[in-house]
Structure formats: C-alpha cells, structure tokens
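The values are calculated or read from the model by the stated rules, or taken from the named source; none is laboratory data. All values derive from a computational prediction rather than experimental measurement. With ideal geometry, Cβ positions are generated from the backbone for all residues, glycine too; neighbour counts draw on all protein chains shown.
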Amino acid sequence: MDQTNTAAPRRDDPARPLTEFDHHIPDGADPEAAWGGLRRETPVAWSSHHGGYWIVTRHQDVSQVLKDHRTFSSARNEHTGDGMSVSHPPKPLKLGVPEELDPPEFLPYKRILAGLLAPHIVADELGARVRHWVDWHLDEIVERGECDLVYDLASPVSGAIALEWIGFPPEDWRRISKAFHDVVGSPHGSEPWQAALRDIEWLDGRITEEIALCRRELAAGRPRRDVMGQLVSADIDGAPMTDEMAEAMVRLLVGGGVDTTSATIASALVHLYRHPDQRQALRDDPPLWGTAVEEFIRRYPPILAHARTVVADTEVGGCPMRAGERIVASEASACWDEEQFDRADEVVLDRFPNRHVAFGLGIHRCPGMHLARVLFRETVAAVIERIPDYRVDDRTLRRYATQSTVSGWVSVPVTFTPGRRLLGDRQTRSAT
Amino acid sequence: MRIDVNGEVCMGHAMCMSVAPEVYELDEFGYNRMGAFAVGDDRRDAATRGLLACPEQAITAEPEA
C-alpha cells in the first residue's frame, strides 16, 4: 500500500481539517443540527472514524462530487471489499445495479431503468396505480379514527406501488416494506432490526425464485409484463441479461422504492400538522403543489448521504484529495445549505428556483424521481383532504435510529375524526 | 432569445418540461435533446423558468444575435 496514504493527518493541516463527526448520527439526535454544525464549521472535513474518510456538506461541493463520476467512483473496488460501495463503511449487502457501477458498464442498465421510469410512463400508467393504492390504504383506516401514518399508510402505499410494479405478489408486500423500514428505523441489534435482516435474506431468495420463474415463462413464450419479466428479456450490449444482474437490479429497485418517499411523506405530514395555514393553502390552491412538492423534498430529504471512492487525485472546497480515499457527500446537508437557500430551515411552498439535490445529481440521480413526486403529492394531498383534522402526538413521534442513510419519523401515530370509505368492497377485494 | 440545452449535462430530471411544457420537450427516456433553438418574446419567460428549474444547470440562454 502507498505509504503516503497511511500517514496520520496532522491536526494543524489546513488542507485536511480533522473532525470527530461521524455521519451515523446517534439515536434520538437531530441529524439536521448535526450536519448543520459540521457544514458551518468544517464544510469539507476528514473524519477520524471508520478508517478515515472525507465528508462534504455544502451544496456547491456536494454537487461537484455527485456530478463528477469519473473522479468519484460508485463501483465496488479494493477499498470497499464485498460491501455496498455507496455506504461508508460499506454495508454487507449484495450488489445493487446500476447504482454500484461506473460507465461504461453502468450505461445499458441505466438505459433500461430510464425507460421503465420515464415521466410519460409514470404519468400514463403508474399514476393511476398510485391513486388507487392511496385510496385503498386510506379506506382501510379512515373509519377507525386513529392510525400510524407510517406503518398504516406511507410505508405500505410505497411498498404496494413499487412491489406491484416490480412483480411481487400482494402477500409479499407488507413483509418487504416492513423489513426495509425496520432495518433503517430500528436500533442495530434490536429484535425488529434482526427480524428485518432475516426478512431481507428471505427477500433475496424470493428475488431469485421470481427471476427464475420469469425466465421459464419467457422460454415458454409467455413473457411476464411486470418489471422482472421485462428485465429477463432485456439485452445488455447485444447479450441477454444475466439472472445475476437482473436480481441486482431488482434489489436496487426494492431498496430505492420501498422506504424512501415514505420518509418524506411522513415528515411532510408532521410538518403540515404543525402548520395548518400551509395545509389550508394547499387545499385552496392546488397549482401550488408544483413548487410545494420540490420544497418538501428539499426540506425533508429522505436520503442523508452517499459514499464514493476517489479514483483520481482532485480537490474539493480547497482540500486536496488522493486516489483511494473514501468520501461521503451529504445530499441532505446540501439541501439545508443556507448559502444556497434563503430561509433554508423553513418550508416555503412557492420557492423558485429550487435547485435541491435530494434526488442526487449526475448519472446516478434517483431513477424513481418522477414516480416519487407523484406518490408524494397524491398521498399527502389525500390525507389532508380525507382526514383533515389529524392530530399528531409529539410524545409518540420516533426518529429513525442511527441515521446514516434515511432520515425522518419511524412512527407517526395520529387520531382524527372518522371519515367514509371511497372504494366499493368489490374493488377493495379485487385489488388485493 | 436563444436557448441552449446541453445534452451531455441533462440527466433527465424533467424539471424544464414540468415548469414550462410550452417550451421544453423530452425524449422517450425523459431527457431533453433539443440542443440550441430560438424562442420568441411570447415564450421568453417560460423558457427562463425552465432554465432556472434545471438542477444540473444544463440550460443556458443568450439574447438573439
């Protein structure tokens, strides 16, 4: 190993400002305050934790890192080992594609995803499913007068949309969405966390089964029309998609689709409970949703940060970085950057322009962003329309545990005046 | 006004089309491949809104020469 890389950084080295910050924010702490403190004091910092790594927090610097995929690699390499390249330290998870690939390998997989999730597909096909599943899940709770806006609504609605589209049968949905929620929401080592890990292992097996099933259906001349069916019949540079890579794409789609938008939905619903004037403004003036969706996503970004590996010597914010070093860029911190956004800590419903980076930038930007926007808007709008007087009990709110990736509320119990169902019983039954 | 959409920088966020559909259109994958084109005064404000909405800053504008 290159000896210059192992030299301990000196405390007075202005080009490598040391921090004790660890982006795994402890349970119960406020990630926004923690990231804000670092951004204002040491915007580009070298953390002593996890073997040493760079942390980048300003909008300008985060944008530079995310847009420059040639210098900041997302691929697995000798510095990430078998772990997930886009987390630091790399989590012991199987490969996700195309997120963990660099060009040129990245390109054909990204092209497939972009086609599956293009804005016109979302508008013409997926939007109707979103509205259906929002109505269906609200019907399940509307007569009860109480529910948990995460476990009964945001999490299962996001799960139903993503998992129906990918091609899992309804009996799998709750188990998958709960596992992805609990694995980031519960403290490491706790019973729900361990159960979630077991369920994610079960899901890995289910993905293998479903892809094999799709392959057999394809061979029998009956290709499945869902995403898994389309993946197994896709070409990669003229060769058939391998099962291994199809499975890696499904893992990415499940992970990206199931517990991300739901976190922002829950945060926005807590915010709107505390700001009845904004709740009313959105009901009175629906066109306001156009800017409001972007603003909620900026103010309550679900994903806190992603990691990269520096693969060519470079400089960010005046700090020279060397090939082989690991770096964490915080999309959330960039969204909260006072230098980029006036009144950054507020929700300004008509904010424009709003160049937030909650979905990332560059080639790895969230491929599900168009679906996420529709899902967010439809769910939040339906709640403030159908149970407008929902009351959040601040004492029962719980944050995500050890927040390194997802930020928000793990549980949001509410009470409200019971309302009426929208869908008939027949439609309810046939939908499941 | 002359608008230039840099197809290398566009990453398909679709914000230009979302805020100014009368000026911007996307390909089947949701990317803007329009390149350089002129817009008349009647669509100038809309074109500017789309430029400002682009998170990748892929769109630039110049007064017509």
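Which of the residues belonging to segment A:134-151 are in contact (Cβ under 8 Å) with a residue 40 or more places away in the chain, touching a strand residue (DSSP E or B) at 6+ places or on another chain (Cβ under 9 Å) and of a type outside the set (A, V, I, L, M, F, W, C)? Residues satisfying the conditions are A:Gly145, A:Glu146, A:Asp148, A:Tyr151.
Answer yes or no: is there a residue in segment A:219-235 that is part of a helix (DSSP H, G or I), surrounded by fewer than 21 Cβ atoms within 10 Å (Cβ to Cβ) and out of contact with any Pro (no Cβ under 9 Å at 6 or more places or on another chain). Checking segment A:219-235: at least one residue is part of a helix (DSSP H, G or I), surrounded by fewer than 21 Cβ atoms within 10 Å (Cβ to Cβ) and out of contact with any Pro (no Cβ under 9 Å at 6 or more places or on another chain).
For segment A:127-183, a residue qualifies if it is outside any helix (DSSP H, G or I) and basic (Lys, Arg), and exactly one does: A:Arg144. Within segment A:13-45, the set of residues being among the charged types (D, E, K, R) and either over 30 Å from A:Arg395 (Cβ atoms) or modelled with pLDDT of 90 or more (or both) comprises A:Asp13, A:Arg16, A:Glu20, A:Asp22, A:Glu32, A:Arg39, A:Arg40, A:Glu41. Here B:Asp42 passes the criteria (1) surrounded by fewer than 18 Cβ atoms within 10 Å (Cβ to Cβ); (2) in contact (Cβ under 8 Å) with a residue 12 or more places away in the chain; (3) away from chain A (no Cβ under 14 Å) except the one numbered (2).
When you go through (1) surrounded by 20 or more Cβ atoms within 10 Å (Cβ to Cβ); (2) among the aromatic types (Phe, Trp, Tyr); (3) facing chain A (nearest Cβ under 9 Å) one by one for B:Tyr24, which number turns out not to apply? Unmet condition: (3). Looking at segment B:27-39, which of its residues are on the phi < 0 side of the Ramachandran plot and more than 9 Å from every other protein chain (Cβ to nearest Cβ)? Passing the criteria: B:Asn32, B:Arg33, B:Met34, B:Ala36, B:Phe37, B:Ala38, B:Val39. What are the residues in segment A:70-97 that are surrounded by 19 or more Cβ atoms within 10 Å (Cβ to Cβ) and touching a His at 6+ places or on another chain (Cβ under 8 Å), if any? Residues satisfying the conditions are A:Ser74, A:Val86, A:His88.
Take the residues in segment A:100-121 that are within 14 Å of chain B (Cβ to nearest Cβ) and in a loop (DSSP other than H, G, I, E, B), then tell me which one is surrounded by the fewest Cβ atoms within 10 Å (Cβ to Cβ).
Step one: of segment A:100-121, the residues within 14 Å of chain B (Cβ to nearest Cβ) are A:103, A:106-121.
Within this subset, residues satisfying the condition of being in a loop (DSSP other than H, G, I, E, B) are A:103, A:117-118.
Details: A:Pro103: 13, A:Leu117: 24, A:Ala118: 21.
Among them, the one singled out is A:Pro103.
If you scan segment B:53-63, which residues turn out to be within 8 Å of another protein chain (Cβ to nearest Cβ) and buried (at least 18 other Cβ atoms within 10 Å of the Cβ)? Correct list: B:Ala53, B:Cys54, B:Pro55, B:Glu56.
Out of A:Ala332, A:Ala401, A:Ala344, I need the residue that is closer than 23 Å to A:Val44 by Cα, within 20 Å of the chain's Cα centre (by Cα) and not charged (D, E, K, R). Which one? I'd like the intermediate steps shown before the answer.
Numbers: A:Ala401 fails: closer than 23 Å to A:Val44 by Cα; A:Ala344 fails: within 20 Å of the chain's Cα centre (by Cα).
Only one candidate qualifies: A:Ala332.
Among the criteria (1) of a type in the set (Lys, Arg); (2) touching a residue at least 60 places away in the same chain (Cβ under 8 Å); (3) within 14 Å of chain B (Cβ to nearest Cβ); (4) farther than 20 Å from A:Thr405 by Cα, the one A:Arg131 does not fulfil is (3). Could you tell me whether A:Ala212 is assigned to a helix (DSSP H, G or I), more than 14 Å from every other protein chain (Cβ to nearest Cβ) and among the aliphatic types (A, V, I, L, M)? So A:Ala212 fits the description; yes.
Within segment A:206-228, track down each residue that is under 17 Å from A:Pro170 (Cβ atoms) and either acidic (Asp, Glu) or touching a residue at least 60 places away in the same chain (Cβ under 8 Å) (or both).
Start the filter on segment A:206-228 by keeping residues that are under 17 Å from A:Pro170 (Cβ atoms), which leaves A:206-207, A:209-210, A:213, A:224-228.
Within segment A:206-228, A:Glu209, A:Glu210, A:Asp226, A:Val227, A:Met228 meet the criteria.
Screening A:Pro367 with (1) within 25 Å of A:Val227 (Cα to Cα); (2) within 11 Å of chain B (Cβ to nearest Cβ); (3) surrounded by fewer than 22 Cβ atoms within 10 Å (Cβ to Cβ) gives one miss only, at (3). Listed by first and then second residue, the pairs with beta-carbon distance under 7 Å, at least 6 apart or on different chains, first residue in segment A:95-118 and under 13 Å from A:Leu252 (Cα atoms), second of a type in the set (Gly, Ala, Ser) and not in a loop (DSSP other than H, G, I, E, B), are A:Leu95/A:Ala248; A:Gly96/A:Ala248; A:Gly96/A:Gly255; A:Val97/A:Ala248.
Does A:His88 satisfy the condition of being on the phi > 0 side of the Ramachandran plot, in contact (Cβ under 8 Å) with a residue 12 or more places away in the chain and not small (Gly, Ala, Ser)? Outline the logic, then answer.
On the way: on the phi > 0 side of the Ramachandran plot: no; in contact (Cβ under 8 Å) with a residue 12 or more places away in the chain: yes; not small (Gly, Ala, Ser): yes.
Criteria not met by A:His88.
Condition (residue is exposed (fewer than 14 other Cβ atoms within 10 Å of the Cβ), assigned to a helix (DSSP H, G or I), away from chain B (no Cβ under 14 Å) and modelled with pLDDT of 95 or more) applied to segment A:292-301: is it met by at least one residue?
Kept after step one, since they are exposed (fewer than 14 other Cβ atoms within 10 Å of the Cβ), are these residues of segment A:292-301: none.
Taking every residue of segment A:292-301 in turn, none turns out to be exposed (fewer than 14 other Cβ atoms within 10 Å of the Cβ), assigned to a helix (DSSP H, G or I), away from chain B (no Cβ under 14 Å) and modelled with pLDDT of 95 or more.
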